[in-house]
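S.K.: Pasting a structure below so you can have a look.
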Amino acid sequence: MEDINTDQPPREVRWERMFPHQLEAAFAECPALYLAYGLCEPHGPHCSLGLDALKAHAILVALARRHGGIVAPPDYWHVHEIGRFAIWGVKHVGEGKPWLTALPPWMHFKNVCYHIRMAEVLEFRAAILLTGHYGPNWTDLKTLIDLIQPFVKVRLFGLPEFEANQPGFPGDGADGDHAGKVETSLLWALEPDCVDMRMLPEGEEYPVFGMGRDAQESSLAAGQQMVADIVRWLAAKQRELLAAYDPGAPSGLRTFDDVEAFWAGEVVPRLPRFKSLRGSWTQADGPPPASRWYENWLPKTYRA
Ligand SMILES: [Zn+2]
(Lines give C-alpha, C1' and ligand atoms only; values in the text may rest on other atoms or scores of the structure.)
Protein backbone atom coordinates (compact mmCIF):
# COMPACT_ATOMS: atom_id res chain seq x y z
CA MET A 1 0.00 0.00 0.00
CA GLU A 2 2.93 2.33 -0.65
CA ASP A 3 2.35 5.59 -2.44
CA ILE A 4 2.95 5.30 -6.17
CA ASN A 5 4.18 7.75 -8.84
CA THR A 6 6.84 9.21 -6.57
CA ASP A 7 10.48 8.53 -5.83
CA GLN A 8 9.99 9.69 -2.25
CA PRO A 9 9.39 7.11 0.47
CA PRO A 10 5.89 7.48 1.98
CA ARG A 11 5.80 9.94 4.84
CA GLU A 12 6.23 8.48 8.28
CA VAL A 13 3.01 8.50 10.31
CA ARG A 14 3.84 5.83 12.92
CA TRP A 15 4.33 7.55 16.28
CA GLU A 16 7.02 5.12 17.46
CA ARG A 17 9.15 5.73 14.37
CA MET A 18 8.74 9.51 14.17
CA PHE A 19 11.11 12.26 15.30
CA PRO A 20 9.70 15.04 17.49
CA HIS A 21 9.65 17.59 14.67
CA GLN A 22 7.69 15.14 12.51
CA LEU A 23 5.14 14.59 15.27
CA GLU A 24 4.71 18.33 15.80
CA ALA A 25 4.25 18.93 12.06
CA ALA A 26 1.80 16.05 11.66
CA PHE A 27 -0.19 17.22 14.68
CA ALA A 28 -0.31 20.82 13.42
CA GLU A 29 -1.62 19.59 10.08
CA CYS A 30 -4.22 17.18 11.49
CA PRO A 31 -4.74 16.61 15.26
CA ALA A 32 -6.23 13.13 14.85
CA LEU A 33 -4.90 10.01 16.58
CA TYR A 34 -5.49 6.46 15.37
CA LEU A 35 -5.24 3.43 17.67
CA ALA A 36 -5.07 -0.18 16.44
CA TYR A 37 -6.12 -3.20 18.51
CA GLY A 38 -5.69 -6.89 17.89
CA LEU A 39 -3.84 -9.89 19.25
CA CYS A 40 -1.90 -12.94 18.24
CA GLU A 41 -4.40 -15.75 17.80
CA PRO A 42 -4.88 -18.64 15.38
CA HIS A 43 -5.67 -17.40 11.87
CA GLY A 44 -5.16 -20.56 9.87
CA PRO A 45 -1.87 -22.05 8.67
CA HIS A 46 -1.68 -19.41 5.92
CA CYS A 47 -1.76 -16.14 7.93
CA SER A 48 0.56 -14.65 10.55
CA LEU A 49 -0.77 -14.88 14.09
CA GLY A 50 -0.93 -11.10 14.50
CA LEU A 51 -3.41 -10.65 11.63
CA ASP A 52 -5.92 -8.59 13.60
CA ALA A 53 -3.50 -5.89 14.77
CA LEU A 54 -1.36 -6.05 11.62
CA LYS A 55 -4.52 -5.39 9.59
CA ALA A 56 -5.87 -2.60 11.81
CA HIS A 57 -2.50 -0.86 12.09
CA ALA A 58 -1.75 -1.01 8.35
CA ILE A 59 -5.21 0.36 7.53
CA LEU A 60 -4.60 3.29 9.88
CA VAL A 61 -1.16 3.91 8.40
CA ALA A 62 -2.76 4.10 4.94
CA LEU A 63 -5.40 6.46 6.36
CA ALA A 64 -2.80 8.76 7.95
CA ARG A 65 -0.59 8.87 4.85
CA ARG A 66 -3.48 9.98 2.66
CA HIS A 67 -5.61 12.03 5.03
CA GLY A 68 -3.35 13.13 7.92
CA GLY A 69 -3.15 12.08 11.54
CA ILE A 70 -0.77 10.06 13.69
CA VAL A 71 -0.89 6.28 14.25
CA ALA A 72 -0.27 5.12 17.84
CA PRO A 73 1.84 2.03 18.52
CA PRO A 74 -0.42 -0.98 17.94
CA ASP A 75 -1.72 -2.93 20.92
CA TYR A 76 -1.17 -6.65 20.30
CA TRP A 77 -2.89 -7.83 23.53
CA HIS A 78 -6.66 -8.27 23.42
CA VAL A 79 -9.64 -10.15 24.85
CA HIS A 80 -9.72 -13.94 24.47
CA GLU A 81 -10.18 -17.25 26.32
CA ILE A 82 -13.30 -16.01 28.14
CA GLY A 83 -16.94 -16.94 27.43
CA ARG A 84 -17.73 -17.14 23.74
CA PHE A 85 -14.06 -16.83 22.80
CA ALA A 86 -13.34 -20.14 24.57
CA ILE A 87 -16.31 -21.81 22.92
CA TRP A 88 -14.97 -20.58 19.57
CA GLY A 89 -11.54 -21.98 20.45
CA VAL A 90 -12.87 -25.47 21.10
CA LYS A 91 -14.70 -25.48 17.80
CA HIS A 92 -12.26 -23.71 15.48
CA VAL A 93 -8.82 -24.29 16.97
CA GLY A 94 -8.98 -27.46 19.03
CA GLU A 95 -6.49 -28.51 21.67
CA GLY A 96 -3.18 -27.58 20.04
CA LYS A 97 -1.10 -24.69 21.41
CA PRO A 98 -3.01 -21.55 20.30
CA TRP A 99 -0.14 -19.01 20.60
CA LEU A 100 -2.50 -16.36 22.00
CA THR A 101 -1.60 -12.96 23.43
CA ALA A 102 -4.80 -12.81 25.46
CA LEU A 103 -5.99 -10.50 28.21
CA PRO A 104 -9.21 -10.54 30.20
CA PRO A 105 -11.69 -7.82 29.17
CA TRP A 106 -11.14 -5.75 32.29
CA MET A 107 -7.40 -5.42 31.56
CA HIS A 108 -7.88 -4.62 27.88
CA PHE A 109 -10.56 -2.00 28.42
CA LYS A 110 -8.69 -0.34 31.26
CA ASN A 111 -5.69 -0.04 28.94
CA VAL A 112 -7.98 1.61 26.39
CA CYS A 113 -8.97 4.18 29.03
CA TYR A 114 -5.29 5.02 29.54
CA HIS A 115 -4.76 5.31 25.80
CA ILE A 116 -7.64 7.81 25.60
CA ARG A 117 -6.18 9.75 28.55
CA MET A 118 -2.95 10.17 26.57
CA ALA A 119 -4.88 11.40 23.53
CA GLU A 120 -6.62 13.94 25.77
CA VAL A 121 -3.45 15.20 27.47
CA LEU A 122 -1.65 15.56 24.12
CA GLU A 123 -4.63 17.65 22.91
CA PHE A 124 -5.68 15.52 19.99
CA ARG A 125 -9.11 16.61 18.75
CA ALA A 126 -10.19 13.27 17.29
CA ALA A 127 -9.30 9.65 18.00
CA ILE A 128 -10.36 6.58 16.02
CA LEU A 129 -9.99 3.27 17.84
CA LEU A 130 -9.97 0.40 15.35
CA THR A 131 -10.20 -3.20 16.49
CA GLY A 132 -9.19 -5.90 14.04
CA HIS A 133 -10.26 -8.52 16.59
CA TYR A 134 -13.95 -9.30 16.93
CA GLY A 135 -16.32 -11.38 18.94
CA PRO A 136 -18.45 -9.39 21.39
CA ASN A 137 -15.52 -7.12 22.36
CA TRP A 138 -16.21 -4.52 19.66
CA THR A 139 -19.65 -3.72 21.06
CA ASP A 140 -18.02 -3.27 24.47
CA LEU A 141 -15.55 -0.84 22.91
CA LYS A 142 -18.50 1.26 21.76
CA THR A 143 -20.07 1.02 25.22
CA LEU A 144 -16.83 2.15 26.84
CA ILE A 145 -16.51 5.09 24.45
CA ASP A 146 -20.08 6.18 25.22
CA LEU A 147 -19.15 6.15 28.92
CA ILE A 148 -15.87 8.03 28.52
CA GLN A 149 -16.84 10.67 25.94
CA PRO A 150 -18.51 13.03 28.47
CA PHE A 151 -15.18 13.16 30.35
CA VAL A 152 -12.93 14.20 27.45
CA LYS A 153 -12.71 16.89 24.78
CA VAL A 154 -11.14 14.57 22.19
CA ARG A 155 -13.93 13.24 19.96
CA LEU A 156 -13.89 9.45 19.93
CA PHE A 157 -15.08 6.71 17.61
CA GLY A 158 -14.48 2.99 18.05
CA LEU A 159 -15.24 0.27 15.50
CA PRO A 160 -14.28 -3.09 14.03
CA GLU A 161 -12.89 -2.53 10.55
CA PHE A 162 -15.77 -4.43 8.94
CA GLU A 163 -18.07 -1.55 9.92
CA ALA A 164 -16.04 0.64 7.53
CA ASN A 165 -15.71 -2.13 4.91
CA GLN A 166 -18.45 -0.97 2.58
CA PRO A 167 -19.48 -2.48 0.22
CA GLY A 168 -17.08 -5.21 1.42
CA PHE A 169 -15.87 -8.36 -0.32
CA PRO A 170 -17.20 -8.26 -3.88
CA GLY A 171 -20.67 -9.76 -3.89
CA ASP A 172 -20.84 -10.28 -0.15
CA GLY A 173 -21.61 -6.91 1.38
CA ALA A 174 -19.70 -5.60 4.38
CA ASP A 175 -18.81 -8.25 6.90
CA GLY A 176 -15.89 -9.56 8.90
CA ASP A 177 -14.78 -13.16 9.04
CA HIS A 178 -12.01 -15.12 10.71
CA ALA A 179 -9.05 -15.90 8.46
CA GLY A 180 -11.53 -16.51 5.65
CA LYS A 181 -11.59 -14.72 2.33
CA VAL A 182 -12.20 -11.25 3.85
CA GLU A 183 -9.42 -11.17 6.45
CA THR A 184 -6.98 -13.11 4.29
CA SER A 185 -7.53 -10.75 1.35
CA LEU A 186 -7.11 -7.70 3.59
CA LEU A 187 -3.85 -8.98 5.09
CA TRP A 188 -2.60 -9.97 1.64
CA ALA A 189 -3.11 -6.40 0.45
CA LEU A 190 -1.72 -4.75 3.57
CA GLU A 191 1.14 -7.06 4.65
CA PRO A 192 1.92 -9.44 1.78
CA ASP A 193 4.75 -11.12 3.69
CA CYS A 194 2.23 -12.28 6.30
CA VAL A 195 0.08 -14.40 3.95
CA ASP A 196 1.23 -17.67 2.36
CA MET A 197 -1.57 -19.26 0.35
CA ARG A 198 0.60 -22.35 -0.23
CA MET A 199 0.00 -23.26 3.42
CA LEU A 200 -3.76 -23.77 2.92
CA PRO A 201 -4.74 -27.39 3.51
CA GLU A 202 -6.07 -29.50 0.67
CA GLY A 203 -9.63 -30.77 0.94
CA GLU A 204 -11.89 -30.91 3.99
CA GLU A 205 -9.88 -30.80 7.19
CA TYR A 206 -11.41 -28.93 10.19
CA PRO A 207 -10.67 -27.34 12.53
CA VAL A 208 -7.45 -25.97 11.00
CA PHE A 209 -6.00 -23.46 13.50
CA GLY A 210 -8.86 -20.97 13.22
CA MET A 211 -8.95 -20.87 9.42
CA GLY A 212 -12.12 -19.69 7.67
CA ARG A 213 -13.69 -22.25 5.35
CA ASP A 214 -13.68 -19.87 2.36
CA ALA A 215 -10.01 -18.80 2.70
CA GLN A 216 -9.25 -20.38 -0.67
CA GLU A 217 -11.40 -17.65 -2.31
CA SER A 218 -9.09 -14.87 -1.04
CA SER A 219 -7.75 -12.40 -3.58
CA LEU A 220 -5.16 -9.65 -3.53
CA ALA A 221 -7.29 -7.43 -5.80
CA ALA A 222 -10.32 -7.79 -3.51
CA GLY A 223 -8.13 -6.93 -0.53
CA GLN A 224 -6.83 -3.79 -2.22
CA GLN A 225 -10.36 -2.68 -3.08
CA MET A 226 -11.57 -3.25 0.49
CA VAL A 227 -8.62 -1.31 1.93
CA ALA A 228 -9.42 1.64 -0.35
CA ASP A 229 -13.09 1.51 0.72
CA ILE A 230 -12.23 1.31 4.43
CA VAL A 231 -9.74 4.19 4.22
CA ARG A 232 -12.31 6.37 2.45
CA TRP A 233 -14.92 5.62 5.13
CA LEU A 234 -12.50 6.34 7.97
CA ALA A 235 -11.36 9.61 6.36
CA ALA A 236 -14.95 10.83 6.35
CA LYS A 237 -15.29 9.79 10.00
CA GLN A 238 -12.07 11.64 10.89
CA ARG A 239 -13.39 14.86 9.32
CA GLU A 240 -16.70 14.43 11.13
CA LEU A 241 -14.96 14.00 14.50
CA LEU A 242 -12.66 16.99 13.99
CA ALA A 243 -15.65 19.15 13.06
CA ALA A 244 -17.44 18.08 16.25
CA TYR A 245 -14.54 19.08 18.52
CA ASP A 246 -15.59 21.60 21.18
CA PRO A 247 -12.71 23.42 22.90
CA GLY A 248 -15.09 24.36 25.72
CA ALA A 249 -16.01 20.77 26.57
CA PRO A 250 -14.92 19.42 29.97
CA SER A 251 -11.58 17.62 30.25
CA GLY A 252 -11.79 15.31 33.23
CA LEU A 253 -9.50 12.46 32.30
CA ARG A 254 -6.02 13.89 32.62
CA THR A 255 -4.28 12.12 35.48
CA PHE A 256 -3.77 8.51 36.53
CA ASP A 257 -6.08 9.26 39.44
CA ASP A 258 -8.73 10.55 37.01
CA VAL A 259 -8.58 7.28 35.07
CA GLU A 260 -8.76 5.15 38.20
CA ALA A 261 -11.74 7.13 39.50
CA PHE A 262 -13.50 6.89 36.14
CA TRP A 263 -12.80 3.17 35.96
CA ALA A 264 -14.04 2.45 39.48
CA GLY A 265 -17.06 4.75 39.31
CA GLU A 266 -18.30 4.43 35.74
CA VAL A 267 -17.00 1.16 34.29
CA VAL A 268 -16.68 -1.41 37.07
CA PRO A 269 -20.37 -1.22 38.06
CA ARG A 270 -21.28 -1.87 34.39
CA LEU A 271 -18.63 -4.50 33.64
CA PRO A 272 -20.87 -7.48 34.39
CA ARG A 273 -23.04 -6.31 31.51
CA PHE A 274 -20.16 -6.00 29.02
CA LYS A 275 -20.80 -8.65 26.36
CA SER A 276 -17.23 -9.98 26.52
CA LEU A 277 -17.85 -10.92 30.15
CA ARG A 278 -21.31 -12.32 29.63
CA GLY A 279 -20.51 -14.70 26.81
CA SER A 280 -22.69 -17.77 26.92
CA TRP A 281 -22.49 -18.19 30.65
CA THR A 282 -26.10 -19.21 30.89
CA GLN A 283 -25.64 -21.99 28.33
CA ALA A 284 -24.45 -25.48 29.02
CA ASP A 285 -22.21 -25.48 25.96
CA GLY A 286 -18.90 -24.48 27.56
CA PRO A 287 -15.64 -26.29 26.85
CA PRO A 288 -15.35 -29.82 28.27
CA PRO A 289 -13.33 -29.87 31.53
CA ALA A 290 -10.43 -31.64 29.84
CA SER A 291 -10.08 -28.87 27.22
CA ARG A 292 -7.31 -26.27 27.35
CA TRP A 293 -10.13 -23.73 26.78
CA TYR A 294 -11.89 -24.69 30.01
CA GLU A 295 -9.93 -22.94 32.77
CA ASN A 296 -10.66 -19.31 31.80
CA TRP A 297 -13.98 -19.59 30.08
CA LEU A 298 -15.96 -18.77 33.22
CA PRO A 299 -13.86 -16.59 35.57
CA LYS A 300 -15.41 -15.39 38.81
CA THR A 301 -13.83 -11.93 38.55
CA TYR A 302 -16.46 -9.26 37.75
CA ARG A 303 -19.07 -11.93 37.14
CA ALA A 304 -22.65 -10.72 37.51
ZN1 LIG B 1 -8.91 -11.88 12.78
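The values are calculated or read from the model by the stated rules, or taken from the named source; none is laboratory data. Quick caveat: nothing in here was measured; it's all calculated off a predicted structure. Glycine also receives a Cβ, built like all others from the backbone with ideal geometry; neighbour counts cover every protein chain displayed. Heads up: the accessible areas ignore ligands, DNA and RNA and are worked out on the full protein's heavy atoms, side chains in. Shrake-Rupley method; radii C 1.70, N 1.55, O 1.52, S 1.80 Å.
S.K.: Express the carbon and sulfur contribution to the solvent-accessible surface of the range 223-304 as a percent, rounded to the nearest whole number, probe 1.4 angstrom.
M.R.: Carbon and sulfur atoms account for 51 percent of the accessible area of the range 223-304.
S.K.: Count charges around PRO160 for me, please; just the other residues with Cβ under 14 Å from its Cβ, Lys/Arg as +1, Asp/Glu as -1.
M.R.: Here the charged neighbours net out to -3.
S.K.: Comparing GLY38, GLY96, GLY135, which has the greatest mean-square fluctuation in the GNM of the chain with Cα pairs linked when under 10 Å apart?
M.R.: So, out of GLY38, GLY96, GLY135, the one fluctuating most is GLY96.
S.K.: Kindly list the residues of the range 60-95 that lie in the label zone of PHE19, defined by a backbone N under 19 Å from the point 7 Å along the Cα-to-C-beta vector.
M.R.: Correct set: 70-71.
S.K.: Where the centre of each part is set by its Cα atoms, how far does the range 85-116 sit from the range 9-42, in angstrom?
M.R.: 25 Å
S.K.: How much net charge surrounds ALA179 when only other residues with a Cβ under 12 Å from its Cβ are counted (Lys, Arg +1; Asp, Glu -1)?
M.R.: That sum, taken over residues with Cβ under 12 Å, equals -2.
S.K.: In square angstrom, what is the accessible area per residue of the chain with a 1.4 angstrom probe?
M.R.: 46 Å²
S.K.: Need the full-extension length gain, GLN8 to GLU95, defined as separation in residues times 0.36 nm minus the C-alpha distance. One decimal, nm.
M.R.: Numbers: separation 87, 0.36 × 87 = 31.32 nm, distance 4.80 nm.
Separation in residues times 0.36 nm, less the Cα-Cα distance, equals 26.5 nm.
S.K.: Carbon and sulfur atoms: what percent of the 1.4 Å accessible area of the range 40-159 do they account for?
M.R.: 60 percent
S.K.: How much of the DSSP bridge set in the chain is antiparallel, in percent, rounded to the nearest 5?
M.R.: Working: 2 of 20 bridges.
If we restrict to bridges inside the chain, about 10 percent are antiparallel.
S.K.: If you wrap a convex hull around the C-alpha atoms of the chain and split its volume per residue, what is the figure in Å³? All intermediate terms of the calculation are to be shown ahead of the outcome.
M.R.: Working: hull volume 41.9 nm³, N = 304.
With only Cα atoms used, the chain gives 138 Å³ per residue.
S.K.: Can you show me the helix-derived [θ] at 222 nm for the chain, built from DSSP H runs with n ≥ 4 at -39,500 (n - 2.57) apiece and divided by the number of residues, rounded to the nearest 500.
M.R.: So the helix-based figure for the chain works out to -11500 deg cm²/dmol.
S.K.: Springs between alpha-carbon atoms under 10 Å, Gaussian network over the chain: tell me which of ASN137, ASN111, ASN165 tops the mean-square fluctuations.
M.R.: So, out of ASN137, ASN111, ASN165, the one fluctuating most is ASN111.
S.K.: Packing-wise, with mean Cβ within 10 Å as the measure, how do 196-209, 249-262 rank, highest first?
M.R.: The densest-packed peptide leads the list: 249-262, 196-209.
S.K.: Round to the nearest 10 and report in Å² the accessible area of ARG14, as given by a 1.4 Å probe over the protein chains' heavy atoms.
M.R.: 60 Å²
S.K.: Can you give me the Rg/Rh ratio for the range 177-304, using Cα atoms for both radii and the Kirkwood formula for Rh?
M.R.: 1.10
S.K.: Another one. With the chain treated as a Gaussian network of Cα nodes joined by springs under 10 Å, which of ALA236, ALA102, ALA179 yields the largest mean-square fluctuation?
M.R.: The residue with the greatest mean-square fluctuation here is ALA236.
S.K.: Past the 31 Å Cα-Cα mark, which pairs from LYS91/LYS237; LYS55/LYS91; LYS153/LYS181; LYS153/LYS300; LYS237/LYS300?
M.R.: LYS91/LYS237; LYS153/LYS181; LYS153/LYS300; LYS237/LYS300
S.K.: Another one. Using θ = phi - 60° and the Karplus curve 6.51 cos²θ - 1.76 cosθ + 1.60, what whole-Hz ³J(HN,Hα) does each residue of the range 32-42 get, with Gly and Pro shown as x?
M.R.: 10, 10, 10, 10, 10, 10, x, 7, 7, 8, x
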